[in-house]
Amino acid sequence: MKPRRPEHGARAPKHEKKKAKAGAAKSSAAAPVERRPRIGLEATTERVVQHEHTIQALSPQLPAVFSTPMMIGLMEHATVKAITPELPPGAISVGTRIEVDHLKAVGPGATVVAWAKLIEYRGRFLVFDVEARSGEHVIGRGRVFRAIVHPEEHGAKAKARAPQ
């Protein structure tokens with residue numbers, strides 16, 4: 001039976017740490033420490049809420065308010081904007097975990113600004129504080145985790161997992 005991988009930030013058992021150390025030298029999926037984007041990088045992105053960004057666009061009986069998936073997508077876009085200029089050549093970042101609270105509703109016409117700041121590394125994961133605001137209101141906040149990968153390797157791994 002394959003051992004279960006620990007949650008982000010959780011400690012791995014000693015036998016898994018040894019395996020991970022041995023495999024880390026072979027893996028080129030994670031960027032070397034010296035090629036990582038600097039802690040403190042930040043960016044914002046904004047969107048004016050349109051009807052297609054609301055939960056009502058998915059289900060007419062629901063209210064016309066900015067959907068949680070759209071808010072999270074805007075937050076993730078801010079994380080990408082923050083680090084893209086400092087990624088190693090040919091590398092991209094991919095989302096791995098989201099810990100976000102959607103705190104307030106806003107409707108069509110509202111301008112939502114998402115902000116992200118790279119605050120730390122946890123192993124190969126980049127950790128961002130994120131926040132979404134509409135005017136004076138904080139409508140969402142939390143953390144987004146990303147990993148730096150090379151598209152060819154990442155795509156090949158995904159393809160290998162696809163059903164044949």
Name every residue in the range 37-61 that is closer than 19 Å to GLY109 by Cα, assigned to a loop (DSSP other than H, G, I, E, B) and in contact (Cβ under 8 Å) with a residue 24 or more places away in the chain, in order of residue number. VAL49, GLN50
Looking at THR79, THR84 in this structure, which one is touching a strand residue (DSSP E or B) at 6+ places or on another chain (Cβ under 7 Å) and among the polar types (S, T, N, Q)? THR79
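One line per residue, one yes/no per condition, for (1) over 24 Å from ILE148 (Cβ atoms); (2) surrounded by fewer than 10 Cβ atoms within 10 Å (Cβ to Cβ); (3) at pLDDT below 95:
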{"site": "HIS8", "(1), (2), (3)": "no, no, yes"}
{"site": "ALA12", "(1), (2), (3)": "no, no, yes"}
{"site": "LYS17", "(1), (2), (3)": "no, no, yes"}
{"site": "ALA20", "(1), (2), (3)": "no, no, yes"}
{"site": "GLY23", "(1), (2), (3)": "no, yes, yes"}
{"site": "ALA31", "(1), (2), (3)": "no, no, yes"}
{"site": "ARG35", "(1), (2), (3)": "no, no, yes"}
{"site": "GLU52", "(1), (2), (3)": "yes, no, no"}
{"site": "PHE66", "(1), (2), (3)": "yes, no, no"}
Checked the range 80-132 for anything among the hydroxyl-bearing types (Ser, Thr, Tyr), under 11 Å from the mean Cα position of the chain (by Cα) and either at pLDDT below 95 or surrounded by fewer than 16 Cβ atoms within 10 Å (Cβ to Cβ) (or both); matches are THR96
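Among strands (runs of 3 or more DSSP E) lying entirely in the range 62-164, which contain 2 or more residues that are basic (Lys, Arg), touching a residue at least 40 places away in the same chain (Cβ under 8 Å) and more than 18 Å from GLN50 (Cβ to Cβ)?
111-122, 137-149
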The conditions are (1) hydrophobic (A, V, I, L, M, F, W, C); (2) at pLDDT below 95; (3) touching a Leu at 6+ places or on another chain (Cβ under 6 Å), and ALA156 fails exactly one of them. Which is it? (3)
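The values are calculated or read from the model by the stated rules, or taken from the named source; none is laboratory data. Nothing here was measured: the structure is a model prediction, and the numbers come from that model. FYI the Cβ positions are ideal-geometry reconstructions off the backbone, even for glycines, and counts take in every protein chain you see.
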